[in-house]
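For reference, the structure discussed in these notes is given below.
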Amino acid sequence: MPNRQDTQELKQRLFALLKERAYREGNIVLSSGKIGSYYIDARVVTLSAEGAYLTAALILDLVKDKNISAIGGPTLGADPLLGAIAALSFLDKKPLNTFIVRKIPKEHGTQKRIEGPALKKGDKVIIVDDVVTSGGSLLDCISILRQSGVIVEGAVAIIDREEGAIENLARVSCPLTSIFKASDFKISKI
């Protein structure tokens, strides 16, 4: 795990990548259905080697003191984060299983909604996503996990658009932590 000084450096590097490669101004329809005046395509960064490393290191640092069985989240926003998190946690000699929650079950095979090493009733997890607006994808994920008896301890996002996700997740007793907020992108650097 990075130390505090390293964490700030990693955060600055990730912010620079997101600002340069992922942040775009202009009207666009968001997954929440709202029209935003800007868009942050975090997958442009999280699917790059450096971006995957930086996000995984920062998320692992945020959850290092949590007593959790696994970390996962909704497909597609969480997918690139989770592979990097699993690999980096293994390299750090603190292996952490990951999982992906499907929006709809597969029509073939086992028809699971939760993919990855099996979670058991009572397992404590953290969920992650790249960008959150209202938190709808995370709320769906929480519902599916809780139906399986899994305890969601909290959520982590790379970027919170500051449009209701914190409040909506709080209503279901799931605190949200973000590495960045949308307002950070209005200033020149972190």
Q. Checking residue 159 against (1) of a type outside the set (S, T, N, Q); (2) in contact with a helix residue (DSSP H, G or I) (Cβ under 7 Å, 6 or more places away or on another chain); (3) surrounded by fewer than 22 Cβ atoms within 10 Å (Cβ to Cβ), which single condition isn't satisfied?
A. (3)
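Restricting to region 132-152, count the residues that are part of a helix (DSSP H, G or I) and among the hydroxyl-bearing types (Ser, Thr, Tyr). It would help to see each step written out before you state the result.
Going through region 132-152, the residues part of a helix (DSSP H, G or I) turn out to be 136-147.
Retained after the next criterion (residues that are among the hydroxyl-bearing types (Ser, Thr, Tyr)): 137, 143.
Counting residues in region 132-152 that are part of a helix (DSSP H, G or I) and among the hydroxyl-bearing types (Ser, Thr, Tyr) gives 2.
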Q.
Any residue in region 21-43 that is farther than 16 Å from residue 159 by Cα sitting within a Cβ distance under 6 Å of a residue that is surrounded by 13 or more Cβ atoms within 10 Å (Cβ to Cβ)? List the pairs, counting only those 6 or more apart or interchain.
A. 28/36; 28/39
Q. If you take the residues of region 75-128 that are in contact with a Leu (Cβ under 8 Å, 6 or more places away or on another chain) and in a strand (DSSP E or B), which of them is nearest to residue 58 (Cα to Cα)?
A. 128
Q. So, in region 165-190, of the ones that are surrounded by 16 or more Cβ atoms within 10 Å (Cβ to Cβ), more than 17 Å from the chain's Cα centre (by Cα) and assigned to a helix (DSSP H, G or I), which residue ends up modelled with the lowest pLDDT?
A. 185
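Within the bounds of region 86-93, is there any residue that is closer than 19 Å to residue 177 by Cβ and at pLDDT 95 or above? Walk me through it before giving the result.
Start the filter on region 86-93 by keeping residues that are closer than 19 Å to residue 177 by Cβ, which leaves 88-89.
Then keep just the ones that are at pLDDT 95 or above; that gives 88-89.
Yes.
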Q | Pair list, Cβ under 7 Å, 6 or more apart: region 113-134 residue free of Cβ contacts under 8 Å to residues at least 24 places away in the same chain and under 23 Å from residue 178 (Cα atoms), other residue open to solvent by 10 Å² or more (accessible area, probe 1.4 Å) and hydrophobic (A, V, I, L, M, F, W, C) | A | none
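Does residue 107 satisfy being over 29 Å from residue 148 (Cα atoms), among the charged types (D, E, K, R) and open to solvent by 60 Å² or more (accessible area, probe 1.4 Å)?
no
For residues that are under 16 Å from residue 101 (Cβ atoms) and either open to solvent by less than 20 Å² (accessible area, probe 1.4 Å) or in contact with a Cys (Cβ under 9 Å, 6 or more places away or on another chain) (or both), tally how many sit in region 129-143.
Applying the first criterion (under 16 Å from residue 101 (Cβ atoms)) to region 129-143 yields 129-130, 132, 135-143.
Narrowing further to those that are either open to solvent by less than 20 Å² (accessible area, probe 1.4 Å) or in contact with a Cys (Cβ under 9 Å, 6 or more places away or on another chain) (or both): 129-130, 132, 135, 138-139, 141-142.
Adding up the residues that qualify gives 8.
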Q | Matching residues, region 39-74, being assigned to a loop (DSSP other than H, G, I, E, B) and polar (S, T, N, Q) | A | 48, 67, 69
Q: Of the conditions (1) surrounded by 20 or more Cβ atoms within 10 Å (Cβ to Cβ); (2) part of a strand (DSSP E or B); (3) modelled with pLDDT under 95, residue 36 clears all except one; give me its number.
A: (1)
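The values are calculated or read from the model by the stated rules, or taken from the named source; none is laboratory data. Please read these numbers as outputs of a predicted model, since none were measured by experiment. Cβ: placed from backbone, ideal geometry, glycine included. Neighbour counts: every protein chain shown. Just so you know, the surface numbers come from the protein's heavy atoms only, side chains and all, with ligands and any DNA or RNA stripped out. Shrake-Rupley method; radii C 1.70, N 1.55, O 1.52, S 1.80 Å.
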